[in-house]
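Engineer: Below is one structure. I have some questions about it.
The values are calculated or read from the model by the stated rules, or taken from the named source; none is laboratory data. Keep in mind that this is a model prediction, so the values were computed, not measured. Note that we place each Cβ from the backbone using ideal geometry, even for glycine, and neighbour counts take in every protein chain shown.
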Amino acid sequence: MELALSAINLFLCEGADHGWLRVFDYDRIGNGQSSHPSSTEISVASDAFVAHQVVQALRSGRIGGTAFQRVVLIGHSLGSFTSWQEAGEYHDVDGVILTGIAIPTMQPAYNWR
């Protein structure tokens, strides 16, 4: 499967380090410019695995030549499920922001107790 990657919107962040914040976006498998395999091959778990690969590529500098020390996932609706699954299963992000998600219907990969 082929994943379409694109970096977007570089802007000054008023964060603790007063540095630059890069926002990175990609087309999920089955959407946009990424490959379109059969829908039976796509799941929240497979989307989370792809997100994990992107997180690892960002941390190692394989995307854009800059190794990022901190990565936060932001998801909306299905993207929130994907972000939650990635964070719970791989434990490799510094935070998650979830929007447009119905928490009681969620079956997380991580036991939050």
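Engineer: List pairs: first in region 60-71 and in a loop (DSSP other than H, G, I, E, B), second aliphatic (A, V, I, L, M) and surrounded by 10 or more Cβ atoms within 10 Å (Cβ to Cβ), Cβ under 7 Å, 6+ apart or cross-chain?
Structural biologist: Pairs found: Gly61/Ala67; Ile63/Leu5; Ile63/Ala57; Gly64/Ala7; Phe68/Leu58; Val71/Val55; Val71/Leu58; Val71/Val93.
Engineer: Determine whether region 25-34 contains at least one residue that is at pLDDT below 85, assigned to a strand (DSSP E or B) and more than 15 Å from the chain's Cα centre (by Cα).
Structural biologist: No, that holds for no residue.
Engineer: May I ask you to verify whether Ser46 is buried (at least 16 other Cβ atoms within 10 Å of the Cβ), in a helix (DSSP H, G or I), within 11 Å of the chain's Cα centre (by Cα) and free of Cβ contacts under 8 Å to residues at least 60 places away in the same chain? Spell out how you get there, then give the answer.
Structural biologist: Details: buried (at least 16 other Cβ atoms within 10 Å of the Cβ): yes; in a helix (DSSP H, G or I): yes; within 11 Å of the chain's Cα centre (by Cα): no; free of Cβ contacts under 8 Å to residues at least 60 places away in the same chain: yes.
So Ser46 does not fit the description; no.
Engineer: Among the listed residues Ala109, Ala87, identify the single one that is among the aliphatic types (A, V, I, L, M), part of a helix (DSSP H, G or I) and either closer than 16 Å to Arg59 by Cβ or at pLDDT below 90 (or both).
Structural biologist: Working: Ala109 fails: part of a helix (DSSP H, G or I).
Just a single option satisfies the conditions, and that option is Ala87.
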